[in-house]
1. Given R₀ = 25 Å, what would the calculated FRET efficiency be for Ile393 paired with Tyr357, taking r from the Cβ atoms and rounding to 0.05?
2. Can you work out D for the chain in µm² s⁻¹ from Stokes-Einstein, where Rh is the Kirkwood radius over C-alpha pairs, the temperature is 37 °C and the viscosity is 0.692 mPa s?
3. Given points 7 Å out from each Cα along the Cα-Cβ axis, report the His212 to Asp93 separation in nanometres with one decimal.
4. How much length is gained if the chain between Ser279 and Asn324 is pulled fully straight, taking 0.36 nm per residue apart and subtracting their Cα-Cα distance, in nm to one decimal?
5. For a quick check of understanding: with a 1.4 angstrom probe and all protein chains in place, what accessible area in square angstrom does Thr473 have, to the nearest ten?
6. Provide, as a two-decimal number, the C-alpha radius of gyration of segment 317-459 over 2.2 N^0.38 Å, N being how many residues it has.
7. Go through 95-102, 385-392, 463-470 and give me the packing order, highest mean Cβ count within 10 Å leading.
8. In debye, nearest 20: dipole of the chain around its Cα centre with unit charges on the Cβ of K, R (+) and D, E (-)?
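The values are calculated or read from the model by the stated rules, or taken from the named source; none is laboratory data. Computed from a predicted structure; not experimentally measured. Please note: Cβ atoms are built from the backbone with ideal geometry, for glycine as well, and neighbour counts cover all protein chains shown. Only protein heavy atoms, including side chains, enter the accessible area calculation; ligands, DNA and RNA are left aside. Shrake-Rupley method; radii C 1.70, N 1.55, O 1.52, S 1.80 Å.
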Amino acid sequence: MLRENYGTWHCGAFEISLARPRIMGILNVTPDSFSDGGENLDHAAAIARGLEMLDEGADIIDVGGESTRPGHTPVDSRVEAERIVPVVRALVDAGAIVSVDTRHADVARMCVRLGAAIVNDVSGFTDPKMVEVAADTSCGCIVMHWNRGGLGTRVPRRQVTLDESRPTGSALPRPVLSQRRFTLPEEAPIMRQVMGFLGDQARTLMRAGVSHDRICMDPGAGFDKFADEDVVIQRATRSMASMGYPLACAVSRKRFVGAVSGVADAAARDAATAGVCISAIENGARILRVHDVAGVSQAVNAYWAASHKDARQGFVSLGSNVGNRVGNLARAVQLIDEIPLTCVVSVSHAYETEPAYGIATPVANAVAEIRSELHPLVLLGKLLEVEDELGRIREKGRDPRTAGSGPRTIDCDLVWVEGERHAGSRLTLPHPRLGERDYVIVPMEDLMHDPERFLAHAGVSVLPREERVGHVTADLGEIAWE
């Protein structure tokens, strides 16, 4: 049986869980990329688009400064760096997992020093200097197949000659030889070349000191390949996944996607791209490199929820400082338990806590432990619906840093989800202030033996109690929600 890799991809300071598909948003800071050239050439526009993709569901932002479309004009490393370095720096500062799409070793090294977690090399780390960058750092490495002069030379479709000749001496007339033709080229020679190259380059990296769990494979859809060859390669996704490395599906808006969907305009191929991505996921690919992050996220989240059992542990911090505060907490827990594909496992006591972050009055706080099969951004949307149903008022025009400090019947903060790291203005996981909130840490003690140790294992530093905010002052008792 072919082995599927649902492990962890180690990329610099990040450990990317591959228990579910991950979306890599394409951010081309170029004037001539094949479907979106010039849209994000301005640094401010590129940064804004990168942040927007995080809120749309991107786990990784792949920043590129050189087009690699057919017939592209190569640029030198200085021009590429001028295009992408300010964008990489801003996205890293925002907490994003950033990949740099480059074949220039000096640009890759510079961006990794700035905090980029992944080097995506379309030349497949064939440059010894790129191998040195990988060996000298802890970045994740995407090895792509682009063997100029190999594939891309028309491979004949497979055909078989049927030998129906009669035995020697037969009196019956000899029939005409017949041939059976096939719609695609033979898989074996194509995959020997693609998988052989990827395996060889992975071994080159490992001999240089790059650990196995930092390497990701990309078969390079559209890079000097005909549509027939790309389809053969996509159908062999399970074989490539069985090599034991994370596998990328980077087919977004490519020519072969247009060929199989009948869509000539590259920018109009997003729905077809989502279809190919879902096929790739089902056969073991876990990194989806796409332009249309919002559309592909929606398609993948729906597909994954409908076809895979994938319940994750999570914690929701609840607070109320208006009306029947404990009653509001109880009703919020009831509504959370009614969210599709989600259940409440247990709930802490309600606690009286000191005002914090500009809140004027004491707050009743609790923490609910949940299990959910929804994507964290989808779950967040459902939690906001809970707030709306309980009459949460959000003041328009308020500084987002203090937007939650006003009166509130209920506040639902998704603070931690198993295996999830995310950056964005809508949601950051783990919650960036989780370790400083006494009104979260103390209620979590009702749910587990040692929340400080648990959160430390998840990469969250918990402050000593005297340094926290929103200190617990009283136990308000159990929350009757069932």
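1. Working: r = 17 Å, r/R0 = 0.67.
The computed FRET efficiency comes out at 0.90.
2. Values: Rh = 24.8 Å.
Approximately 133 µm²/s, per Stokes-Einstein.
3. 4.0
4. Numbers: separation 45, 0.36 × 45 = 16.20 nm, distance 5.02 nm.
Value of the extension gain: 11.2 nm.
5. Solvent-accessible area, nearest 10 Å²: 80 Å².
6. Values: Rg = 14.3 Å, N = 143, 2.2 N^0.38 = 14.5 Å.
Normalised Cα radius of gyration, segment 317-459: 0.98.
7. Values: 95-102: 26.8, 385-392: 16.2, 463-470: 13.8.
Packing proxy ranking, top to bottom: 95-102, 385-392, 463-470.
8. 2000
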